[in-house]
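Nothing in this text is a laboratory measurement; each read-out follows from the coordinates by a stated rule. Given the structure is predicted, the values throughout are model-derived calculations rather than measurements. All Cβ positions, even for glycine, are placed from backbone atoms using ideal geometry, and neighbour counts span all protein chains on display.
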Amino acid sequence: MKIDLASTRSANYPPLRTETNWRAVLAAVLCGVAVAMNVGKVPIAMAQLRAEFDLSLVAAGWVASMINMMAMTTALLFGVLGDRIGALRMCTIGLGAGIAGGLGGLVAGSESALLISRFAEGVGVVAVAVSAPALLSSASTPIDRPFALGIWGAYLPAGVGLAMLLAPAVLPIGGWRGMWVLSLAALLTALVAVFRSRPAYRLPPPTEAQLHPLAATKAVLAQLKPWLLAFAMTTWTIQHFALIIWLPTFLQEQRALSPLAVALLACLMVLVNVPGNVLGGSLLQRNFRRGNLIAFASLVTGLCGVGIFLDLLPDLIRYALCLLLSFTGGVIPASVLSASANLARTPKQIGTLQGLFNQFGNLGTFAGPLLIAMLVAASGLWRDALIVTGSAALIGIVLGITLRRLERRAGT
C-alpha cells in the first residue's frame, strides 16, 4: 500500500511553529558538543593514561575505541528506543550516563574500572546523538529546521576540536583528570541548558498512526533514501578519519614538528569542518538538493585527497587541501543528518533515522583507518591511502547522483 507522506506528516507532526526557539536549538547542539568532548579527550591524554594504568596496546585501543564500537553496533537500537521513550528523556539519560562515566573515570583505580567508565560515556554519546536532533527539530520552524540540523551536524568536530584546542592548556595543569573535569563541566552545562529549554521540546501525544512503534520503524526504514544517505555518511567518515590519522603522523614523523604545532594544525583541520556543516545547513535552507550537495562535496574531497596523499605538491598547499577537504566535506553530514526531519513520518521516528546515520558513520571511522593501516603497512607508502579515500569519494559521488534522481522524481 502506498502511503501519502505529505498527509501523514501533516497529521502527525505538531502544529507549525511561528518562531524558532534558538536558545533551545543551541542547548540541544551543546549536548552533542559536550558528549563529543568525551570522544576527543582520550587520544590526547592517552600517553598519561597508559603510564598511570599500565595499559597494554590492546587495552589502550579499547579505551580509545569503546565509544566508536558502541555507536557502530548499537546506534540504530538506541534510536528506536529513543523514539519509544521520548527524545528529551533519552537525551537526559545520555547526559546522565556521560556524567556518571566521567565521574567513574576520575576515581578509577584499575584498567577494568576505566573501561567501564568509558562504556558509560559511550552510552551517553550514542543516546544524545540519536535524540538531540529531534529536540532541535521540535524547537525550530520548518523554514529554519534545515539550517538548525546543519548546525547539529557539526557537533562531533566541534566537541573533538574543542578538546584538542584546550588540551595544551589543561594537560600541564591538571593532567588527564583535568580533561575529565573539563568534559564533566560541559556535560553539566548542557544538562542545565536542556532542562531550562524543556518546554520548547514538547511534542503532542501519540496519534493512532503512532501506536505501533515497530511497524512505524519498519515503515521508515523501508524507504531507499535513508540507506543511501547512511552509506554517504560512511564514505565521508572514511575520508575524514583517514586525514585525522595521517596529518599528525605526517607532521611529527616526516616533518619533525613539535607536539604543540602538530596539535594546533590538526585541531584547525578538525574545527574547519564546523563552518562546513553550517554552510551545508544554509544551502539546504535555500532549497539546494541533498543529492547535489553530497555529489559535489564528494568530488571536491576526492580531488583534495589526490593532492594530499600523492606527495607531489608543496607542504603548504597539501595542508591547505586538508583544510579544504574538511571544510567542504562538512556539507555531507549536514545533508545527511538534516534529512531525518524530512524522511520521518512523525517526530517520533527521527531517532531511528539518526541511529541509522550514526551507525553507518561510525562504520566508516572503524573500517576506513583499518583498511588504510593494512595498505600502508604492506607498502610503507602513505599514498596507498588514496585507494581507500578515492574509492570512498567515488562511491559518494554515485550515491549523490542517485539521491538527486530520487529527489527530482519526488519533486523535493
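Some notes on this structure:
- Total charge dipole magnitude, the chain, about the Cα centre, Cβ charges on Lys, Arg, Asp, Glu only, Debye to nearest 20: 1300
- Note that region 85-217 carries a Kirkwood radius of 16.6 Å, evaluated over its alpha carbons pair by pair.
- Among ILE294, ILE99, ILE401, residue whose mean-square fluctuation peaks in a GNM of the chain (springs only between Cα atoms under 10 Å): ILE401
- At q = 0.12, 0.13 Å⁻¹ the log10 of I(q)/I(0) for the chain amounts to -0.92, -1.08, computed by Debye summation with a single uniform scatterer per C-alpha, solvent ignored.
- Each of GLN254, GLY153, ILE308 was scored by the projection of its Cα onto the charge dipole of the chain, and the greatest displacement toward the positive side belongs to GLY153; charges sit on the C-beta of Lys, Arg, Asp and Glu.
- Angstrom value of the Kirkwood radius, inverse mean 1/r, which spans all Cα pairs in region 258-412: 16.8
- Dipole size of region 55-154 about its Cα centre, with +1 on Lys/Arg Cβ and -1 on Asp/Glu Cβ: approximately 140 debye, rounded to the nearest 20.
- Based on alpha carbons, the Rg and Dmax found for region 264-314 are 13.6, 39 Å.
- Take the Cα of THR189, step 7 Å toward its Cβ, do the same at ALA64, and the gap between the two points is 2.8 nm.
- Taken over region 244-344, the alpha-carbon convex hull comes to 96 cubic angstrom per residue.
- Length added when fully stretched, GLN48-ARG177, from 0.36 nm per residue minus Cα-Cα: 45.5 nm
- Principal semi-axes in Å for region 312-353 [√(5λ), Cα gyration tensor, largest first]: 37, 6, 5
- Normalised contact order of the chain, rounded percent, pairs of Cα under 8 Å and 6 or more residues apart: 27
- Taking the centroid of alpha carbons for each part, region 34-69 and region 255-278 are 20 Å apart.
- Within a Gaussian network of the chain (alpha carbon springs, distance under 10 Å), most fluctuating of ASN292, ASN358, ASN273: ASN292
- Choice from MET72, MET90, MET46 showing the highest fluctuation, given a GNM over the chain with Cα pairs closer than 10 Å: MET46
- The string of couplings for region 76-92 from the Karplus curve (6.51, -1.76, 1.60, θ = phi - 60°) is 5, 4, 4, x, 4, 4, x, 5, 7, 8, x, 5, 5, 5, 5, 5, 5 Hz, one whole number per residue in order, with x for Gly and Pro.
- One way to sum up the overall shape of region 301-373 is the equivalent ellipsoid from its Cα gyration tensor, whose semi-axes run 33, 15, 7 Å, largest first.
- Counting only Cβ charges, +1 for Lys and Arg and -1 for Asp and Glu, the dipole size of region 153-296 around its Cα centre is about 380 debye.
- Inter-centroid distance (Cα atoms) of region 293-329 relative to region 115-151, Å: 29
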